[in-house]
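What follows is one structure encoded as structure tokens, with my remarks underneath.
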């Protein structure tokens with residue numbers, strides 16, 4: 001099910017640490033305007049100028065905030081845009097989410113993307129990897145595509161982004177055949193595993209479904 005413009009905007013605010021009042025002032029409104037739009041449904045939809053300003057600020061297509069699909073096609077052609085979140089997921093000791101100077105997005109061919117996942121673009125995020133505990137599978141600087149719609153409810157063997165004590169980690173999960181237990185693994189043999197963890201100990205953000213890297 002596709003996310004509504006309100007859900008998209010609220011998720012972006014949470015992920016990027018944006019202040020409702022500041023965004024309201026950005027579009028020339030009183031401090032409570034964005035909060036009322038998100039929480040009380042007033043106004044029912046953003047005005048064109050407001051939508052365009054917010055879309056440019058977050059560097060996403062206007063269609064994600066309620067614009068017409070034609071706006072999306074004119075701006076991105078046949079490609080599906082995916083937001084790149086301004087945080088990093090550590091494959092080492094753990095990275096606390098922090099701001100980056102750029103907030104770009106990636107765009108994918110729709111049939112290729114659909115072959116990877118049924119989740120809509122609003123449920124996908126690109127995150128940068130730090131550290132080497134997942135080498136050689138993932139290296140520092142790799143960009144990973146994370147399916148936020150494929151998380152705890154569908155947990156199975158694979159690589160996931162986890163939140164532990166406020167930090168984001170990218171690790172491999174091995175599901176135990178009996179009971180609700182998992183082993184948190186590093187692909188790099190220099191790093192130890194965390195065996196026999198309960199599912200209630202794992203805050204699973206989403207499954208890693210694709211990675212891009214620079215070839216040296």
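Quick notes
- Which listed residue is over 15 Å from the mean Cα position of the chain (by Cα), outside the structural domain of residue 11 (by TED's automatic domain parsing) and exposed (fewer than 12 other Cβ atoms within 10 Å of the Cβ), from 154, 181: 154
- Cβ pairs under 6 Å, 6+ apart, first in segment 120-132 and at negative phi and in contact (Cβ under 8 Å) with a residue 24 or more places away in the chain, second surrounded by 22 or more Cβ atoms within 10 Å (Cβ to Cβ) and in a loop (DSSP other than H, G, I, E, B): 129/91; 129/138
- Options 199, 162, 168; residue that is at pLDDT below 90 and within 28 Å of residue 82 (Cα to Cα): 168
- The condition of being under 18 Å from residue 62 (Cβ atoms), surrounded by 15 or more Cβ atoms within 10 Å (Cβ to Cβ) and touching a residue at least 12 places away in the same chain (Cβ under 8 Å) does not hold for residue 49.
- Here residue 103 passes the criteria (1) at pLDDT 85 or above; (2) surrounded by 16 or more Cβ atoms within 10 Å (Cβ to Cβ); (3) within 30 Å of residue 56 (Cα to Cα) except the one numbered (1).
- Pairs meeting the criteria (first residue in segment 160-188 and at positive phi, second residue assigned to a strand (DSSP E or B), beta carbons under 6 Å, at least 6 apart or on different chains) are lacking.
- Residue list for segment 157-178, filter: over 19 Å from the mean Cα position of the chain (by Cα) and over 18 Å from residue 200 (Cβ atoms): 157, 177
- Residues satisfying the stated conditions in segment 108-148, i.e. modelled with pLDDT under 90 and in contact with a helix residue (DSSP H, G or I) (Cβ under 7 Å, 6 or more places away or on another chain): 122
A quick yes/no check of all residues on (1) assigned to a loop (DSSP other than H, G, I, E, B); (2) within 20 Å of residue 122 (Cα to Cα); (3) under 22 Å from the mean Cα position of the chain (by Cα):
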| residue | (1), (2), (3) |
| --- | --- |
| 7 | no, yes, yes |
| 12 | no, yes, yes |
| 15 | no, yes, yes |
| 21 | no, no, no |
| 24 | no, no, no |
| 29 | yes, no, no |
| 36 | no, no, no |
| 42 | yes, no, no |
| 46 | yes, yes, no |
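The values are calculated or read from the model by the stated rules, or taken from the named source; none is laboratory data. All values reported here derive from a predicted model rather than from experimental measurement. Counting neighbours? That spans all protein chains shown, and the Cβs are built from the backbone with ideal geometry, glycine included.
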